[in-house]
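Peer 1: Here's a structure for you.
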């Protein structure tokens, strides 16, 4: 299998793909014929080109290190992922400086629609169906000032598996497009967390208390109780902060629909570090 080109790999079913590490990403590339993976990134903070260059270098290093550690650990399909990583960066100080996430979303949708129109000229009907499921066309990345500032406390170390992160993470904003965003209510998400057994470890809204009775556990948190983020007081603001080292893994799990609501965390929480808010993690 190690000598098999990506184009000659079998097209797995969704179930088969989810049984393999990097399976959804491999399936998406094979099925679509698009031999690349990764999110498009929008630069929304300007004025310090040196810091921006360091951010990009650190992000790429973290992503590559994550995949390389998998390869060293014996994950066979990791070798297909690293060379397929596409670093598509969109910069435009005139229109993107200090842009809101909604403005970034609009710019991303315009880029995506143009890409899909171009692809329609040379892909089959079967391949076109895979395009709609690719995270590359459902989500994008945005670097705001908070993301750039996170670079200042980043530290990296190395062990037998390669480079790894030590200390506070470098973060980037992951923005969901209208296609990917289900607009689930907070109450529904809290009930889902409880059903999954996350209980008090869930970071959605106000963490539940295992000692409370069922009536209190199921109490809904009103959407307007949240502090506004870019004028939105909704729980789901359509974007979240994510650790850059988790970008490629998040890309893998976001294939297909109905994924955003399972992983979304309202800013300023950071995915996946605060997915389960155990006391030991609260100080990180």
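Peer 1: Filter the range 53-77 down to residues that are in contact with a helix residue (DSSP H, G or I) (Cβ under 7 Å, 6 or more places away or on another chain) and within 28 Å of residue 114 (Cα to Cα), then give me how many there are.
Peer 2: Within the range 53-77, residues that are in contact with a helix residue (DSSP H, G or I) (Cβ under 7 Å, 6 or more places away or on another chain) and within 28 Å of residue 114 (Cα to Cα) number 3.
Peer 1: Oh, and also: Any idea which of 244, 237, 248, 270 is within 30 Å of residue 12 (Cα to Cα), modelled with pLDDT of 90 or more, touching a strand residue (DSSP E or B) at 6+ places or on another chain (Cβ under 6 Å) and surrounded by 15 or more Cβ atoms within 10 Å (Cβ to Cβ)?
Peer 2: Of 244, 237, 248, 270, the one residue that is within 30 Å of residue 12 (Cα to Cα), modelled with pLDDT of 90 or more, touching a strand residue (DSSP E or B) at 6+ places or on another chain (Cβ under 6 Å) and surrounded by 15 or more Cβ atoms within 10 Å (Cβ to Cβ) is 244.
Peer 1: Test of understanding: among 103, 127, 68, which residue is within 27 Å of residue 238 (Cα to Cα) and surrounded by 13 or more Cβ atoms within 10 Å (Cβ to Cβ)?
Peer 2: Going through 103, 127, 68 in turn, just one is within 27 Å of residue 238 (Cα to Cα) and surrounded by 13 or more Cβ atoms within 10 Å (Cβ to Cβ): 103.
The values are calculated or read from the model by the stated rules, or taken from the named source; none is laboratory data. This is a predicted model, so every value here is computed, not measured. For neighbour counting, all protein chains shown are included, and Cβ atoms are generated from backbone atoms with ideal geometry for every residue, glycine included.
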